[in-house]
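Q: Can you keep this structure in mind? I'll have questions shortly.
The values are calculated or read from the model by the stated rules, or taken from the named source; none is laboratory data. The structure displayed is predicted, hence computed values, not measured ones. Counting neighbours? That spans all protein chains shown, and the Cβs are built from the backbone with ideal geometry, glycine included.
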Amino acid sequence: YVGQEKLRPQSGWLPLAFGLDWSRPPRQMNSTSFFYAHTDQWRYETLGVEEIISPTAPEGVWDGALIDYNVRSERMGWLPSAPQLKQNPLSIAKDAATAGLEAKDYVAKALKSGEFHMSCEDPDHPDNWPPHMFVWCSNLSRSPGKGHQYFLKHLLGTSHGVQGKDLGETGLQNPKAGVWPHYAPIRKIHLLETPDFRKSSTCGHSDLV
């Protein structure tokens, strides 16, 4: 919210969007982590953890890529994420009932056995893409989307100004906690809707306005 309008419909869409009739309070994912993963900015990241680590951090090996720490945080439940699992959540409750288990026990067992996988471990797999997105009163394809050129290339698959090279091409540090596909996907979003009264840049890239 930056002053354009008041969020009057909030009380209407919150229960629907976050399932408040099932559980409260909702744990919402921070948009920085979401877009860092899904715009593939992690594939171009050259900043090392050792360059920004706190001097008060415990002694030990602090290596890996920045995306590795996001993955670890999501695995341990510290960082809410969306989507959480590579598997379709709509079928999990049904499968758990068939197996005679509560959903939480069924998911924990499947994660331990390797049957289920966290989405954060492979954000470039088609099952983990955000294929449909609403953009409300934001201009993601320009300055509000930090690193918006990566938005244009990997989320929207349109003209872009990305000049950096994929770390896989340069032989630099690759993430350790997740899967590294050889090729970064182009255009993850198949339907972009923008309810907006301004003709923003995002409106120009949207399928529906």
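Q: Within segment 92-209, considering only helices (runs of 4 or more DSSP H) that don't extend past its boundaries, which have at least 2 residues that are modelled with pLDDT of 90 or more and among the aliphatic types (A, V, I, L, M)?
A: Answer list for segment 92-209: 103-113.
Q: Residues that are more than 30 Å from residue 208 (Cα to Cα) and either hydroxyl-bearing (Ser, Thr, Tyr) or touching an Asp or Glu at 6+ places or on another chain (Cβ under 8 Å) (or both): does segment 125-134 have at least one?
A: There is no residue in segment 125-134 that is more than 30 Å from residue 208 (Cα to Cα) and either hydroxyl-bearing (Ser, Thr, Tyr) or touching an Asp or Glu at 6+ places or on another chain (Cβ under 8 Å) (or both).
Q: Surrounded by fewer than 16 Cβ atoms within 10 Å (Cβ to Cβ), of a type in the set (Lys, Arg) and in a loop (DSSP other than H, G, I, E, B) - does that describe any residue in segment 16-31?
A: Looking through segment 16-31, at least one residue is surrounded by fewer than 16 Cβ atoms within 10 Å (Cβ to Cβ), of a type in the set (Lys, Arg) and in a loop (DSSP other than H, G, I, E, B).
Q: Then there is this: Check 140, 111 and return the single one that is touching a residue at least 40 places away in the same chain (Cβ under 8 Å), in contact with a strand residue (DSSP E or B) (Cβ under 9 Å, 6 or more places away or on another chain) and among the hydrophobic types (A, V, I, L, M, F, W, C). I'd like the intermediate steps shown before the answer.
A: Details: 111 fails: touching a residue at least 40 places away in the same chain (Cβ under 8 Å).
Sole residue among the options that is touching a residue at least 40 places away in the same chain (Cβ under 8 Å), in contact with a strand residue (DSSP E or B) (Cβ under 9 Å, 6 or more places away or on another chain) and among the hydrophobic types (A, V, I, L, M, F, W, C): 140.
Q: Just checking, how many residues over segment 159-206 are of a type in the set (Asp, Glu) and within 21 Å of the chain's Cα centre (by Cα)?
A: The initial filter retains those residues of segment 159-206 that are of a type in the set (Asp, Glu), namely 166, 169, 193, 196.
Retained after the next criterion (residues that are within 21 Å of the chain's Cα centre (by Cα)): 166, 193.
Total satisfying the criteria: 2.
Q: Does residue 183 satisfy the criteria of being among the hydroxyl-bearing types (Ser, Thr, Tyr), free of Cβ contacts under 8 Å to residues at least 24 places away in the same chain and closer than 22 Å to residue 70 by Cα?
A: Yes, satisfied.
Q: Continuing with this model, one more query. Which residues, counting only those in segment 70-91, are part of a helix (DSSP H, G or I), closer than 20 Å to residue 26 by Cα and without any contact (Cβ under 8 Å) to a residue 40 or more places away in the chain?
A: Of everything in segment 70-91, those that are part of a helix (DSSP H, G or I), closer than 20 Å to residue 26 by Cα and without any contact (Cβ under 8 Å) to a residue 40 or more places away in the chain turn out to be 73, 89, 90.
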